[in-house]
Every structure is written in structure tokens, then in C-alpha cells.
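**Student:** Submitted below is the structure of interest, expressed as C-alpha cells.
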Amino acid sequence: MQATPRRIATFAAAMSALCICSAGLSATTRPLYVRLGGEPVMTAVISETIDRVVADPRLNQSFKGSNIARIKRLIVEQICDLAGGGCHYSGDSMHEVHANHHITQREFFGLVAILRQSLRRHHVPLRERNELLALLAPMAPDVIEVRIPPIPKQSPP
Amino acid sequence: MLRRRPTAWWALALTCATPFVAAADLTVHVETAAGAPIADAIVYAVPAAPIHAAPGARYVIDQIDRHFVPRVNVVQAGTAVDFPNSDNIRHSVYSFSPARVFSLKLYAGKPTDPVLFDKAGLVVLGCNIHDSMVAWLLVVDTPYFARTDRAGIALLPKLPSGDYSLRAWHASLTEDEQIVQPLHLEPGAAALAHTLHISAPLDGPESPAKAQ
């Protein structure tokens, strides 16, 4: 193929369009939630993660009797909220949610390990995986071994 | 059982204990169509003029190990029910039943106000967070109610003479499926027995097949 001036001009125009395009969608301007793959990918990742945790007897004690579909929906909603996806997390605080469930460090980090595997399986890039984990890591003190004393029993009237 | 009868019930029982007041002890047998006893059915007699609980009547439905305790409950209309949450993990109790629609979040270490049930009807309770949790609260317009024992027998003591709607309900029945029969108690009747048959299949937690 000969590099005619017309072809060169077309190529240049195409390249500059590509550059503008990729600059417009760069990591610095696109919200993390979009870069994570948005709702389809996060729904799949969280569903897979929670299913695997619930199936694991070393990790599932705090999920006993829980409405798993609701947990998945609210986790996706919370990630969407934290990662700039434009959602508003409608659930309770992490502290209230996890209080007195006796969640150990082992359970917490066991879930994180499964989440990382699921993110990789769904082709979420390293940078985005790390950004997501950085958003979730500060929750640890509100999840692990949160103890709230019971309300004192009232004497019968 | 955690049932607490309103104080009015005892006052009534004392009044009726005097010999010249017309009242009868009503024994009700609840059976399947084939004659097998049905335990944990609620039997109640609604007088022609419904009777609400005295102000201050209270009842307790606890949350223990991710279950409502008790699961099958009956209270007189006008009773305030406490949901104390012995689990001390978060629960979210709700009802979509027309007799009382409510939603109550129970957090660890935080007391909540009781819920007033002032309208007769069946209230099905659930927990948003633990979808396996279910309980039934039958709200009745009468102080005359009892639960059948393992022999399928419920005793309604000192029932004053008059006209009643005698009803039986079990957790596997909807409100519309409960058994309803008119009952007339003559003055002077001392003890009466009555049999109610529930022919619908019983698949609730307290069905005869699962009773121990």
C-alpha cells in the first residue's frame, strides 16, 4: 500500500481521534465503577464471591439463615456508591450490620481472598482490583469481632 | 409458653367463679377430617360484641438463634407486642398483613418501642435480613382463646352465656381458611365439648407429622 498524502491524512485523523477518545476515557476521569465493568461485572463477581463463601464451612457461620439475594444486592449497591457509580447505598452501617456476628479475621480475609479470585476471573485489571480493595479495607474494624453488649433484660411487670 | 394473659382475663375468671354467674367451661377438640388430633391450633370464641384488651396489655415475641420465639402467637386486639431480640444481632421485622403493616429494625444493644396490634386479623411476621424467619400473630377481638395441646384439646374456661363465633386457626391456614362456627351458650350450661375439623392439609411447622 502506498502512503499517499490522503491516506496519511486519514491515518493522522484516525490516530488523533483515538488519542482524544482514550484521553477522554482515561483512568483518571472514568469512575472506578465503570472501569470495574459496572453493574454486570460487579453483580457477577459479588454473586460468585458470596456463593463460594456461603458454601465454605470455614467462612459461612455469619451468613446462617440470611437472605443471600439481599446481601448480594446491597453489596453491589454499596460498591457502586463507593466507586462513583452513582448509586446510593440503602443498607445499614457496616458496624450495625456485623455487630455480634463474631466474624473472625480468618473469615474476613477468607472472603477477601475469594473476592480477589473472582475479580481476576472476571478480568478486572490489577489497578482496578487494588482500588476496589482499598475502598473496602477500611471496613475491617466494623466487620471483625464487633461486640455490642445486649440490652439488659427488663424484669417482668 | 411465654403467653401473658391480660389482667382483665383474671378479673373475669374471678367474677365467673361465683356460682350464680352463667358461665361454662368449653372444651374444644380440633381434629383432621380423619379424626387425628391437631396440636398448636388456636381456638377462640368471639362474642357478639368484640372485647378489646385493657390498656397496657403486653406480649413478647423474642428473636432467638435467628428464629421468632414463639412462632405461633395469639393476642387480644389492643395488645402491645415487644420484640426484644435476644440474638443481639441485627434483625428487621416486618409485616405486610392488612391487620397491621409495620417494619421494625432491631439493632444490637438498642431497645425499641413495642408495636400495638389494635385490629383483629392474622399478622404474618418476617425478617428482611433472615428470610428463613417466619412467625404468625393472630390478633383476636376476644379474651377467650387457647391453644390446642398434643391431644388437640383447647379449654376455654368460664365462658359467659351468649352468642359466639367459635373459630379455629392453624399456622398452615390462611385467615380465610380458618374454621368458623356459630356457638350459643345457654345460661346454666356447666361444661360443654365441641369438635372442630380442619380438613385442609397442614404443612405448617406445628403440623401433626412434625409434632413430637
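Rule-based calculations on the coordinates, nothing more; no lab input. Quantities reported herein were computed from a predicted structural model and do not represent experimental measurements. When we count neighbours, we look across all protein chains shown, and the Cβ atoms used for this are built from the backbone with ideal geometry, even at glycine.
**Student:** With the requirement that a residue be assigned to a loop (DSSP other than H, G, I, E, B) and over 23 Å from B:LEU122 (Cα atoms), what does the stretch B:151-197 give you?
**Tutor:** In the first step, residues of the stretch B:151-197 are kept if they are assigned to a loop (DSSP other than H, G, I, E, B); the result is B:151-152, B:161, B:170-178, B:186-190.
Passing the criteria: B:ALA151, B:SER161, B:GLU186, B:PRO187, B:GLY188, B:ALA189, B:ALA190.
**Student:** Looking only at residues in the stretch B:37-80 that are among the charged types (D, E, K, R) and on the phi < 0 side of the Ramachandran plot, which one is farthest from the other protein chains (Cβ to nearest Cβ)?
**Tutor:** That would be B:ARG71.
**Student:** In a helix (DSSP H, G or I) and β-branched (Val, Ile, Thr), is that true of A:ILE75?
**Tutor:** On the way: in a helix (DSSP H, G or I): yes; β-branched (Val, Ile, Thr): yes.
Taking the combined requirement at face value, the residue satisfies it.
**Student:** Check B:VAL93 against each of (1) away from chain A (no Cβ under 14 Å); (2) in a strand (DSSP E or B) and name the one condition it does not meet.
**Tutor:** B:VAL93 satisfies all of (1) away from chain A (no Cβ under 14 Å); (2) in a strand (DSSP E or B) except (1).
**Student:** Still on this model: Restricting to the stretch A:59-99, name every residue that is under 13 Å from A:THR43 (Cβ atoms), within 12 Å of chain B (Cβ to nearest Cβ) and surrounded by fewer than 17 Cβ atoms within 10 Å (Cβ to Cβ).
**Tutor:** Scanning the stretch A:59-99 gives A:ALA69, A:ARG73.
**Student:** Would you mention how many residues in the stretch A:102-157 are small (Gly, Ala, Ser), surrounded by 13 or more Cβ atoms within 10 Å (Cβ to Cβ) and outside any helix (DSSP H, G or I)?
**Tutor:** Count: 0.
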